[in-house]
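Rule-based calculations on the coordinates, nothing more; no lab input. Since the model is a prediction, treat every value here as computed from it, not as a measurement. Cβ placement follows ideal geometry from the backbone for every residue including glycine, while neighbour counts extend to all protein chains displayed.
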Amino acid sequence: MAAAPGLVLGLLLFLWEAGAQLRFANYYGDHMVLQKEPSRAVVWGYGIPGANISVTVFQTHNVMIKEAAKVHAVTKVWKVLLSPMPQGGPYSLELRQSYKQEVSNVTLNDVYFGDVWLCSGQSNMEMTVSQIFNASQELAEAIQYPLVRVFAAALVESDEELEELEAINLQWSVPTAENLGHGDFSYFSAVCWLFGRHLFDTLQYPIGLIDSTWGGTPIEAWSSKRALQECGISTDLKRNISLYRIAGPKDSSVLWNSMIHPFINMTLHGVIWYQGEENTVMNTDLYNCTFPSLIEDWRKGFHKGSKGQTQRYFPFGFVQLCTNRNVVQNDSFPRIRWHQTADYGYVPNTKMPNTFMAVTIDLGDENSPYGSIHPRDKQTVAYRLHLGALAVAYGKKFLVYQGPYPQMVQVDADHELINVTYNEPIVLRQLDNKIFEACCSEQEACKWSPVQLKSSLYQSVFLHNKVCPKAVTGLRYAWTEWPCKYMLCPIYNLQSLPAPPFVTFAKNNPAWTVS
């Protein structure tokens, strides 16, 4: 006996609704990379409350993994931790839902397992491959890296923490010239892409890159309310619409809520960060708190959201700020650079464990068509970042990944000399009469005066201090907005990595000696 038309229509409607309610969270898709072993990749999404869920990873007809879960009765969310998978692919992921004897499914194809890195920050991270030096060649070579997969979140802000992305600019994709150079300050991040490409060249397995960036944004927008409260910053929203016309959102937590929090259920290998320019004019001297606090808070969030699969102290790399203006004397850039290291001058350190830094004070670009605050040499930035990642994130302990840092300052008052000894052999690329400055006062507010860089020997440089040979109480290096010409800072190591800025004082410092 034939079924009544109404019954057939009702059954079809039920099946359509069941299928419509079953899905992966919106940043899972074809061509994606999931985190490989030893971590377990997390996949999650939405379904019918109470339904049974299974996720099967298969290759051709061979089932590699099959995991089960149940859809939460209230949130409609399901979450599955896949068994650890070695690097490789391609695989398919079949999501199957069973509810009241009815079955629906969704399948993702061309999925690989490798390492997943999140790239975030403001406009220097946002710059696309089409905006950098040798753009045409870089774009043409993209097809040589089909296993470096890319994804870009859209520019969205929110007053509340979002569970998934509200919009996506670029769903998971195989790299092409078009999606790496879509438009100025659009997608895809040049630093992120070049960093991932360097990692692939060394590791030779799939790399997944997530670009979540917005130009002209302060660290406060990328920080949760919890992280800001740790630094005594009010989290009340006080919108100033005029600021939005100049750049991105400035309000507390609005980008954490919309462009970072949605990813916290995902298993990551690490993060790279390029931000700070906006904080040269906003809460500058709180950055030594806000930046370590952001890192700690992100680590807690991703670890918890992934059910412990993202490492509690996952590797976090960042770019120490480059330059902006070459004529105006202003110490906001050097102060931010110092605060980026929590005032240690180097990383990793006690406040910033398992971090790495790319120094870029020698990459200034006065002729950049995007303004000198946006230098085009992102290849060197990414190269220096990837060295840090190899050493810190991948355990290459004997790899030199950062420039020389001073170990000792010896003051010879009788001969008007200051000897600065570094922690490794140095290369002196040029002499300089201004890049080193001595503090000639015992008062809290220093009077800084240039001292002449005369010569070098192995691990030391020798400074001629005419201004206050018997009263020097402090020393600093590269403490200006634009300290040196392109690739011509005075001091590098044998691996061509520049010495970072530093400031040090004789008071209570055992590394100082005076004779």
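Here are some notes:
- Think of each Lys and Arg Cβ as +1 and each Asp and Glu Cβ as -1; about the Cα centre, that makes the dipole of the chain roughly 900 debye.
- Cα convex hull volume per residue for region 332-453 (Å³): 160 Å³
- Sequence-separation-based contact order of region 114-215, relative, with Cα cut under 8 Å and 6+ spacing, percent: 48 percent
- Between helix 190-203 and the chain: long-axis angle, C-alpha atoms, 0 to 90°, nearest 10: 80 degrees
- Per-pair calculated FRET efficiency, R0 = 22 Å: residue 74 and residue 52 via Cβ, rounded to 0.05: 0.85
- Rounded FRET efficiency, nearest 0.05, which uses the C-beta distance separating residue 332 from residue 161 and R0 of 35 Å: 0.65
- Across all Cα atoms of region 334-397, the radius of gyration (one decimal) and Dmax (whole number) stand at 13.6, 40 Å.
- Greater than 20 Å apart at Cα, pairs in 36/70; 434/485; 79/225; 36/307: 36/70; 79/225
- Bins of 10 Å from zero: percent of alpha-carbon pairs in region 164-305: 10, 37, 36, 14, 2
- With θ taken as phi - 60° and the Karplus curve 6.51 cos²θ - 1.76 cosθ + 1.60 applied, the whole-hertz 3J(HN,Hα) list for region 40-47 is 9, 5, 9, 10, 8, x, 10, x Hz, x standing for glycine and proline.
- Working note: Cα gyration tensor of region 244-288, eigenvalues times five, square-rooted, sorted largest first, giving semi-axes of 23, 15, 10 Å.
- When the charge dipole of region 116-238 is built from unit charges on Cβ atoms (+1 for Lys and Arg, -1 for Asp and Glu) and taken about the Cα centre, the candidate among 219, 187, 158 whose Cα reaches farthest toward its positive end is 187.
- Rounded to the nearest 500, the helix-only mean residue ellipticity at 222 nm of the chain stands at -5500 deg cm²/dmol, with each DSSP H run of n ≥ 4 adding -39,500 (n - 2.57).
- Rg over Rh [alpha-carbon atoms, Kirkwood Rh] for region 294-384: 1.07
- Loop-located chymotrypsin sites (Phe, Trp or Tyr not before Pro) in region 211-312, at most 16 other Cβ atoms within 10 Å (DSSP): none
- Total formal charge among the other residues, if their Cβ is under 14 angstrom from that of residue 515, Lys/Arg +1 and Asp/Glu -1: -2
- Cα shape, region 78-226, gyration tensor, a/c 1.5 rule: oblate
- Of [x] 31.1; [y] 24.8; [z] 28.2, the label for Kirkwood radius over Cα pairs in Å derived from the coordinates: [y]
- The chain - percent relative contact order, Cα under 8 Å, separation 6 or more: 11 percent
- Centre-to-centre separation between the Cα atoms of region 480-515 and those of region 378-421: 9 Å.
- Computed from Cα atoms, the angle from the helix 378-392 axis to the main principal axis of the chain rounds to 80 degrees.
- One equal scatterer on each Cα of region 361-515, no solvent, Debye formula: the resulting log10 I(q)/I(0) at q = 0.09, 0.10, 0.20 Å⁻¹ is -0.33, -0.40, -1.23.
- Between 0 and 90°, nearest 10: helix 5-21 axis offset from the chain longest Cα axis: 20 degrees
- Amide H contacts of residue 70: 53, 79, each under 5 Å away and 5 or more positions distant or on a separate chain (H built 1.01 Å from N in the peptide plane; Pro and chain starts excluded).
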